[in-house]
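One structure below.
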Amino acid sequence: MRITTTVNGAVHEVDDVWPGESLLYMLRERMGLPGSKNACEQGECGSCTVYLDGEPVCSCLVAAGQAIGREVTTVEGLATEGQLHPVQEAFLECGAVQCGFCTPGLLVAAHDLLARVPDPSDLEIREALAGNLCRCTGYEKILDAVRSAARRQAEA
Ligand code: FES
Ligand code: FES
């Protein structure tokens, strides 16, 4: 089937999509967007998180066909004109990235949190990132990065 969807601000037509395949598979394997990661394919880890019409979703659990006529934003779409988003910069500078497998999903989740709650408490950060698992960092540097990103946004 052919799917017409908007990804990172541009309309795309994707051919030969199998009706049962996931949005994650379509993004990674058919559209050349490998940022979103496939770690569990069961909705457990959050590494595949993207926005679908502005709502964060686990793209491994969304059928590709559900994206027809809708807007998808992946981690690649958070940067604008080659400039990293402040959340992305904060993750880099705080050392919140080790293997990086969880990072795209955490970036989308943190981006969503700071759009809704510009000055989140630690509890709010922990709750917002609760669906995103990281097996490397111990989470402290990730929390530091979100706090830093909030400060950057406030100063911008
Ligand atoms: S790969 Fe989708 S939640 Fe883990
Ligand atoms: S940095 Fe490796 S899983 Fe989070």
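Restricted to strands (runs of 3 or more DSSP E) entirely inside the range 1-119, no element has at least 1 residues that are within 16 Å of ligand 2 (Cβ to nearest atom), buried (at least 23 other Cβ atoms within 10 Å of the Cβ) and among the charged types (D, E, K, R).
Okay, residues lined up against (1) of a type outside the set (Asp, Glu); (2) in contact with a Lys or Arg (Cβ under 9 Å, 6 or more places away or on another chain):
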position: 12; (1), (2): yes, no
position: 29; (1), (2): no, no
position: 35; (1), (2): yes, yes
position: 38; (1), (2): yes, yes
position: 47; (1), (2): yes, yes
position: 51; (1), (2): yes, no
position: 61; (1), (2): yes, no
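Every residue in the range 23-72 that is among the aromatic types (Phe, Trp, Tyr) and over 15 Å from residue 108 (Cβ atoms), please.
25
Here 113, 129, 106 are screened, and the one residue that is within 29 Å of residue 26 (Cβ to Cβ), among the hydrophobic types (A, V, I, L, M, F, W, C) and away from ligand 1 (no atom under 16 Å from the Cβ) is 113. Tallying residues that are within 6 Å of ligand 1 (Cβ to nearest atom) and touching a helix residue (DSSP H, G or I) at 6+ places or on another chain (Cβ under 6 Å) within the range 39-59 yields 3.
Conditions (1) in contact (Cβ under 8 Å) with a residue 24 or more places away in the chain; (2) not hydroxyl-bearing (Ser, Thr, Tyr), marked per residue:
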residue	(1), (2)
6	yes, no
21	yes, yes
38	no, yes
48	yes, yes
53	no, yes
71	yes, yes
78	yes, yes
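If you check residue 145 against the conditions, is it open to solvent by less than 50 Å² (accessible area, probe 1.4 Å) and in contact with a Leu (Cβ under 8 Å, 6 or more places away or on another chain)? Break it down stepwise before answering.
Details: open to solvent by less than 50 Å² (accessible area, probe 1.4 Å): yes; in contact with a Leu (Cβ under 8 Å, 6 or more places away or on another chain): no.
No; evaluated as a whole, the condition is false for this residue.
The values are calculated or read from the model by the stated rules, or taken from the named source; none is laboratory data. In this text the structure is predicted, and so the values were computed from the model without any measurement. Backbone-built Cβ (ideal geometry, glycine too); neighbour counts: all protein chains shown. Surface accessibility is based on the protein's heavy atoms, side chains included, excluding ligands, DNA and RNA. Shrake-Rupley method; radii C 1.70, N 1.55, O 1.52, S 1.80 Å.
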